[in-house]
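The values are calculated or read from the model by the stated rules, or taken from the named source; none is laboratory data. Not measured: the values here are computed from a predicted model. All Cβ positions, even for glycine, are placed from backbone atoms using ideal geometry, and neighbour counts span all protein chains on display.
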Amino acid sequence: MASGEVTGPAVGRLPGKHSPMSYARIIVLTALAMVAFAGNSLLCRAALNNTTIDAASFTSIRLISGAVVLWLLVRLRFGPKASAGNWRSGLALFVYAAAFSFAYVSLPAATGALLIFGAVQATMISRGIWAGERLGKLQLLGMVLAFAGLLVLLFPGVSSAPPLGGALLMMVSGISWGIYSLRGQSAGDPIRVTAGNFLRAVPMTALLSLLMIRGLSLDAAGVIYAVASGGLASAIGYAIWYTALPGLKATQAATVQLTVPVIATLGGIALLGEPVSLRLALASVAILGGIALTVLDRQRVNGQTS
């Protein structure tokens, strides 16, 4: 998904390069990117909850719209050069997008954003441990805190618990996004790689829609939401993020992405009328706080040892 250490809208190991862009421009671009990433949750939930579009069609329209916009961006930037990417990353992107859509059939925007954020981070951190990375005390504390928050959120038997099926699908989506991000490290120019992977995901999502043709349901509003999710929140959002990223330090890039679930929560309240339970509030503090401890201490340790 990204060049060097970039992980897209999830927090992972991020580059610490500096850019000649003005600080004000970096702040504006970063804020726009975070709003775009949170917007994917809001647009998907709004479409599947308030319109008649089915999840498979939403996935297909989103990926096709993203592929078209990214292809145009690549053509404008590089001319007729072929896009990059590979089929395995395209498959991971497809699984992420499909599971994301089907999960939001039943999950509120805030809960979904929190679950996918946590699942991505668990995937990234687990990969580091598998590769031999040792965790410090603060990192271990952060992981325990985040896991406790997840248990609080998903513990069954309470009316405010999210549907288990939707929660599991969203975690599958997050794991797929984590794999996609890991595969994208050092893969070349991020816009070209992303464009190529979106293009490769198109036949996969077309097959999904064909297999679920009996459940096909479309309306104008749902299609607009899906196009906005793919063309704007995904394609343009990634392009903006990759433009801002070289101007951010690693810790800044990691920290700012913690705002995505928060923005999704506020958007769900303001735009979708979703309530926020005490359970979700406590789980959010624990999960985001735990991730912050783990990721930021990891950046500190890596910085000392590099």
Test result for ALA92, among the aliphatic types (A, V, I, L, M), closer than 28 Å to ARG279 by Cβ and not in a loop (DSSP other than H, G, I, E, B):
no
Which of (1) under 22 Å from LEU43 (Cα atoms); (2) surrounded by fewer than 18 Cβ atoms within 10 Å (Cβ to Cβ); (3) modelled with pLDDT under 90; (4) not hydrophobic (A, V, I, L, M, F, W, C) is the odd one out, the single condition GLN257 does not satisfy?
(2)
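Each row is one residue, and each column tells you yes or no for (1) farther than 21 Å from PHE198 by Cβ; (2) at pLDDT below 90; (3) among the hydrophobic types (A, V, I, L, M, F, W, C).
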site: LEU76; (1), (2), (3): no, yes, yes
site: LYS81; (1), (2), (3): no, yes, no
site: ASN86; (1), (2), (3): no, no, no
site: PHE100; (1), (2), (3): no, no, yes
site: TYR104; (1), (2), (3): no, no, no
site: ALA110; (1), (2), (3): yes, no, yes
site: LEU115; (1), (2), (3): yes, no, yes
Boolean, LEU42 is in a helix (DSSP H, G or I), closer than 23 Å to PRO246 by Cβ and either under 18 Å from the mean Cα position of the chain (by Cα) or modelled with pLDDT under 95 (or both):
no
Selection count, segment 66-82, where residues are small (Gly, Ala, Ser) and either touching a His at 6+ places or on another chain (Cβ under 7 Å) or surrounded by 22 or more Cβ atoms within 10 Å (Cβ to Cβ) (or both):
2
Whether any residue in segment 180-200 is β-branched (Val, Ile, Thr), at pLDDT 95 or above and crowded, with 17+ Cβ neighbours inside 10 Å is what I want to check.
no
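For every residue, the table says whether it meets (1) within 30 Å of ALA226 (Cα to Cα); (2) part of a loop (DSSP other than H, G, I, E, B).
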site	(1), (2)
ALA99	yes, no
SER106	yes, yes
ALA113	yes, no
PHE117	yes, no
MET124	yes, no
ARG134	no, yes
GLY149	no, no
Does LEU151 satisfy the criteria of being more than 30 Å from ARG62 (Cα to Cα), surrounded by fewer than 17 Cβ atoms within 10 Å (Cβ to Cβ) and of a type outside the set (Val, Ile, Thr)?
yes
